[in-house]
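Data first, discussion second: the structure below is written as C-alpha cells.
None of the figures in this text is laboratory data; all of them are computed from the coordinates on show. Please read all numbers here as calculations on a predicted model, not as lab measurements. Here the Cβ is made from the backbone with ideal geometry for all residues, glycine too, and neighbour counts use every protein chain on show.
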Amino acid sequence: MEMARKKSKRSAPRDRWRGRPVLSALVSGAVFVVPIALSIVAATITAHLLPRPRSAGWLAGWWVTVLVVPTVVMVVTERLARRALPLAVLLKMTMVFPDRAPKRLAVVRKAGSTRNLARRVEEARTQGIEDEPVVAAERILALAGALNAHDRYTRGHGERVRVLTDLIAEELDLPPDDRDRLRWSALLHDIGKLAVHPLTLNKAGKLDHYEWEIIKNHPLEGAKLTAPLAAWLGEWAKTIAEHHEQYDGSGYPYGLKGDRISLGGRIVAVADSYDTMTTVRSYKTALSPAAARAELAACSGSQFDPRVVRAFLDVSIGRLRPLAGPLAWLGSLPFVGAIPQLGQTAAVLGRVGAASLVATGAVTAGTLNVASHPTVGPPSGPVALPASAGPQASGPGVSGGVKQSAPIGHGTLDGSVGIGPDPTGSTSTSTTSTTSVPSGSGGSGGAGSDSGSGSGSSTTTTLGVSLPTAPSTPTGVSVNPGDGEVIVSWSVPSDGGSPITSFTLTRYAGGVTQWQRTFTSSATSHVVKGLTDGTTYTFTVAVANAVGSSPPSAPSPPATPFPPSLSIVNGGTQAGRAQVGDQIIVTFAPAPSPSALCGSWSSTSYPDLIDSNVVVHGSQASSGDDIVTVTDGADCNGKFHFGTIDLGQAGYFSGTVSFGGNVNGCTNGQTTGCSTIHWDGTDTLTITLGWASSVQPTQPAPSVAVYAPSETLGLPATISSAMEVNF
C-alpha cells in the first residue's frame, strides 16, 4: 500500500497546481493573528524591562514607550505579514501551466511588495515579458498575486471569478483543455488594473469622467500584459480584453455584439457581474445570491449571453453561497444589507479590535508593572513645609493623583482606547501627563485620588512624534507643446514628511484616457513624446512616497502639439530684397521661457523691444550662405539670445549690413526706423527689420532658410523654412 501511495505521488502531473484550501486558510489567519500576538508580547516585555517611574515626567515617558513600541511592532509585522497574502491566494488555485508548474513560494517571492509594483508593471508594458510561455506564466501570475494588495476593494475577486467561471464551464460541458485555459483567463481578467493608479481603484466615492475612462482602459492593458500567453491560451486569450463587452453591443472596449464576443468573454462577464453584485463594497450594498441571479436573468439577452446565463442559473445556490464569503452573507440579512459601508465598517472594526487587544495588553502589562513598584508618596512622619506653603492639610496624607491621556491617531487612552488614521492626514503619537497636588485643608485619600477641598497646582507635559503620510495632490500642472511632444510640469507638495519616489502621468484626448505611465523618479516635469500634431491633449499627475500615493491632480490646460516653423516675410516693396518692414517669424515647439530670450522678460511681462539697441545684422560670408543675427545690448540685462539664420544661399547682402540701430527714424525718441522684437507670450517671436544702413541687392531665387537657436534657449534642434523667396 505504501509503495502504491509513493508511486501515485511520483506520477502526479508536474504541469499543474492542486488546490490547498485548508493551508490557504491557515496562511490567511496567520497574517491577521501574528502581528497582534507579537505586539502584545512586545507590550508585556517593554513594560517589565523599563525601570520604574519616579516622577510625573518619567511616568509620561514610560507610558509613551509602553504604548508606542507594541504599536510599531504591530504596524511593521502587519506589513511584513501581508506579503504572505499572495501565497494564500495561490494555495487555493487549481491551475495547469504551459510546462512544468513553478513553486508557489517562488511566485510569491517574485510578487514581492507593492513598493516596486509600478516599476514591474511598467517594465512589462514597455519592454514586454519573456516570449517563452512557461516563464511568462510565472511572471504574470506573480503580478496577479500583487493585484490583491494593489486593489483592496476587489481583493480575492479574481480567484472567485475563476471558481464561478469553472462552474459555468462545467454546466456548458466544455472540454478539460478548454477549461484549463479559461481558468487562466478568468483569473487574469482584471490584471490590467495594475496600470490604474491605486487611489482611483480604491476610491470610496463615485468616479469622475476622467477616472472612469482610466478604469475602462484596463481590459486592453490586461491584454498587453498577458500577450506572451496568447498563443498558448488560444481563443481563450480574448477573454481578458472582452470581458466587459455586452451582448447587445453596448460594452467596451470594442463594442462587440452577440457571438462576435469570445465565449470566454461572455462567460467571465456573467461570473464577474455576479461576484460584484454579491460582494460588499464601500460604495454599495451586497445582493443576496437569489437577488443577483434574478438580476442576471433580467439582463439576459441585453447585457449577457442567454445561453451562459442559463448555464449559470443551473448551478445551485448552495454551491454559490460559500463563494460570496461571510461578509456578503451578513450583508444579505434584513436591515444589515441596507448599510452601504458594511465592508469598510467590518475592516475598521477588525483593525480597531486588533488595536484594542494591543492597547489592552500594554495597559495590563503596564498596570502590573507600575503596581509592583513602591508608591511614590510622602513619608509617614511629619513634614516640614516652608512658611509660604500655607497651612498643612489636616488629612492623614497628601492627596495626589495622576491622570493620563495618550491618543494614538484620533483615539484616546482616558478610559478608552482607539487606534486609527488622523483625519488631518498625519499620524501622531502624543502623551499628556497631568499631576495635581492639592495644597489646601481637608485633603483626603492616598495615591490615585484627586479629591480634596483645597486648591492645587497642575503640571502638563506633552510629547509628540509625527509619522510620515502620503503626499497631497500636485498643483500647478502646466504644459508646453512641441513637435509631436508636450512637456508637462507640476509643483510637488511639501507635506507627507517622506521624499517623493515616483509619479504617475495620465494623458487624455477628447476626454478619453489614452495613456497612463508610472515613473520611479522625483522629477517635477516630463516630456511626453509620440503625440500627434494638431491633436489636443490634457494631463493629470499623481505623486507617491514610501507611505502612499496622492490623488490625481486637476487636468492640465489643453495642449496641442505642432511643428516649429520659420518664415521670412516680405513687408516692403521688393520681394527678395532685405528692407525695412520685412519680418522674421519663428514659432517655437516647444517654446523657450521668455527670460531665456531676454533677461528682462518674465512669463507675465515681455514688453516689445523697440529702440536703437535692437539691431538685425546681415552678412555675406567669403564663402557659403548669407547669415542673419539679432542683437540687443542694453534692454535685456546684457544680451538678447537668439542664434543665427542661414539663408540657404548667397546674394541677399553686400558685405555686412545692419537694420535699425542708430539710423534715421530711430534716434531722439523716434521709433519709425527701429528694428523691433515682439514675443506673443506663448510660442512665437516676430522680428521686424528697421531702416537698412545701405540698400541691398535682390535675390529672386527661392531657398530654404535654417534657424539654429542659441544654446541658451535649450531647444533640441534647428528650424527650417519652406522653399521660398526670402525677404
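Listing for the model above:
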| read-out | value |
| --- | --- |
| Placed amide H near Y537: partners under 5 Å, 5+ positions off or other chain | A559, T560 |
| Environment charge at Q649 (Cβ cut-off 11 Å; Lys +1, Arg +1, Asp -1, Glu -1) | -3 |
| Calculated from backbone phi, Karplus (6.51, -1.76, 1.60) coupling profile of the stretch 162-175 in Hz, x at Gly/Pro | 4, 5, 4, 4, 4, 5, 5, 4, 5, 5, 7, 6, 6, x |
| Candidates per chymotrypsin sites (Phe, Trp or Tyr not before Pro) in the stretch 229-274, loop by DSSP, up to 12 other Cβ within 10 Å | none |
| For G599, residues with placed amide H under 5 Å, excluding near neighbours | K639 |
| Charge context of A554, other residues only, Cβ under 13 angstrom, K/R +1, D/E -1 | -2 |
| Packing-based ranking, highest mean first, of 199-211, 65-77 given that Cβ atoms within 10 Å are counted | 65-77, 199-211 |
| Neighbourhood net charge (14 Å Cβ-Cβ; Lys/Arg +1, Asp/Glu -1) for G661 | -3 |
| Relative exposure of T667, T469, T686, judged by other C-beta atoms within 10 Å (fewest first) | T667, T686, T469 |
| Footprinting exposure proxy for C674, C299 (fewest neighbouring C-beta atoms within 10 Å first) | C299, C674 |
| Derived scalar couplings ³J(HN,Hα) [the stretch 611-628; Karplus, 6.51 cos²θ - 1.76 cosθ + 1.60; whole Hz; x for Gly, Pro] | 6, 6, 6, 8, 9, 9, 10, x, 9, 9, 6, 4, 8, x, 8, 6, 10, 10 |
| Long-range amide H partners of A589 with built H, under 5 Å | none |
| The stretch 20-37 - phi-based ³J(HN,Hα) in whole Hz, Karplus 6.51/-1.76/1.60, Gly and Pro as x | 10, x, 5, 4, 4, 5, 5, 5, 4, x, 5, 4, 7, 7, 4, x, 5, 4 |
